[in-house]
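Chemist: Before I ask anything, here is the structure I am working with.
The values are calculated or read from the model by the stated rules, or taken from the named source; none is laboratory data. Fair warning: this is a prediction, and the values are worked out from it, not measured in the lab. Neighbour counts run over all protein chains shown; Cβ positions are idealised from the backbone, glycine included.
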Amino acid sequence: MNILISGGAKNGKSDIAERIVRRMMERLHKPLYYVATMMPADEEDRERIRVHRMNREGAGFQTLEAGNRILRVLDLPKTDPGGIFLVDSTTALMANEMFPAAGPGFDPGAAERVPEELASFAARTGNTVFVSDQIYEDARLPEAGAASRDLPLPDLTEVYRSALGKADCRLAAECETVLEVTAGRVKVWKGEFQCDI
């Protein structure tokens, strides 16, 4: 079963996703993979990664680093595409793809490519939990010196937010279950889900 978990930043999405995939592993007896998409840019990112790793320690995860081109992890010799995957997060993956550290400063093709790669990942695995931040719902911020909060954000920010929204819509269509996490509480938008995790 493929599941999309969306919600605001630091609302408990990753914790809930980890509990879901561990339950899937107990039920299906398949290998468990954590697909890490964050490419650390500063000390705060490195600390966040350290805490996530510490929380997963001893839980049976094999970590696969995929800051971009997510489908390539399914072709690694150590990966069983029939396993259980936790992709955390599509937000970081889209940012890495649209604004690569090496090469051009902006890849406009990522907005179309990434949603299709994520949908292909779900179709090939069949047991993936995707985590995404709902940053496309944030209020628009004013441009420098502007008085109104209704002015558009700089173009690239809006392109990124729109692309992430499209990726979530594409995944929501592909996944059997869609959940939203707010303040650690789960709301089911699609499919069935027992909230006793």
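Chemist: Regarding Gly145, is this residue farther than 27 Å from Leu74 by Cβ, surrounded by fewer than 12 Cβ atoms within 10 Å (Cβ to Cβ) and modelled with pLDDT of 80 or more?
Modeler: Working: farther than 27 Å from Leu74 by Cβ: yes; surrounded by fewer than 12 Cβ atoms within 10 Å (Cβ to Cβ): yes; modelled with pLDDT of 80 or more: no.
Judged against the criteria, Gly145 is not a match.
Chemist: Which one of these does Ala41 not meet: (1) over 18 Å from Ser14 (Cα atoms); (2) part of a loop (DSSP other than H, G, I, E, B); (3) touching a residue at least 40 places away in the same chain (Cβ under 8 Å); (4) of a type in the set (A, V, I, L, M, F, W, C)?
Modeler: Failing condition for Ala41: (3).
Chemist: With surrounded by fewer than 21 Cβ atoms within 10 Å (Cβ to Cβ) and not in a loop (DSSP other than H, G, I, E, B) as the only criterion, which of Glu26, Glu18 stands out? Step through it out loud before you land on a result.
Modeler: Working: Glu18 fails: surrounded by fewer than 21 Cβ atoms within 10 Å (Cβ to Cβ).
Within the list Glu26, Glu18, the selection yields Glu26.
Chemist: Right, another one. So Arg46 ticks every box in (1) out of contact with any Leu (no Cβ under 8 Å at 6 or more places or on another chain); (2) among the basic types (Lys, Arg); (3) modelled with pLDDT under 95; (4) surrounded by 13 or more Cβ atoms within 10 Å (Cβ to Cβ) but one. Which box is left unticked?
Modeler: Unmet condition: (4).
Chemist: Mind listing whichever residues of the range 5-47 are over 19 Å from Val181 (Cα atoms) and basic (Lys, Arg)?
Modeler: Answer for the range 5-47, where residues must be over 19 Å from Val181 (Cα atoms) and basic (Lys, Arg): Arg27, Lys30, Arg46.
Chemist: Kindly indicate whether Thr90 is surrounded by fewer than 19 Cβ atoms within 10 Å (Cβ to Cβ), at pLDDT 95 or above, touching a helix residue (DSSP H, G or I) at 6+ places or on another chain (Cβ under 8 Å) and hydroxyl-bearing (Ser, Thr, Tyr). Show your work before the answer.
Modeler: Working: surrounded by fewer than 19 Cβ atoms within 10 Å (Cβ to Cβ): no; at pLDDT 95 or above: yes; touching a helix residue (DSSP H, G or I) at 6+ places or on another chain (Cβ under 8 Å): yes; hydroxyl-bearing (Ser, Thr, Tyr): yes.
Answer is no for this residue.
Chemist: Can you find even one residue in the range 106-122 that is hydrophobic (A, V, I, L, M, F, W, C), in a strand (DSSP E or B) and buried (at least 23 other Cβ atoms within 10 Å of the Cβ)?
Modeler: In the first step, residues of the range 106-122 are kept if they are hydrophobic (A, V, I, L, M, F, W, C); the result is 106, 110-111, 114, 118-119, 121-122.
Subset that is in a strand (DSSP E or B): none.
There is no residue in the range 106-122 that is hydrophobic (A, V, I, L, M, F, W, C), in a strand (DSSP E or B) and buried (at least 23 other Cβ atoms within 10 Å of the Cβ).
Chemist: How many residues does the range 52-89 contain that are over 17 Å from the mean Cα position of the chain (by Cα) and free of Cβ contacts under 8 Å to residues at least 24 places away in the same chain?
Modeler: 7
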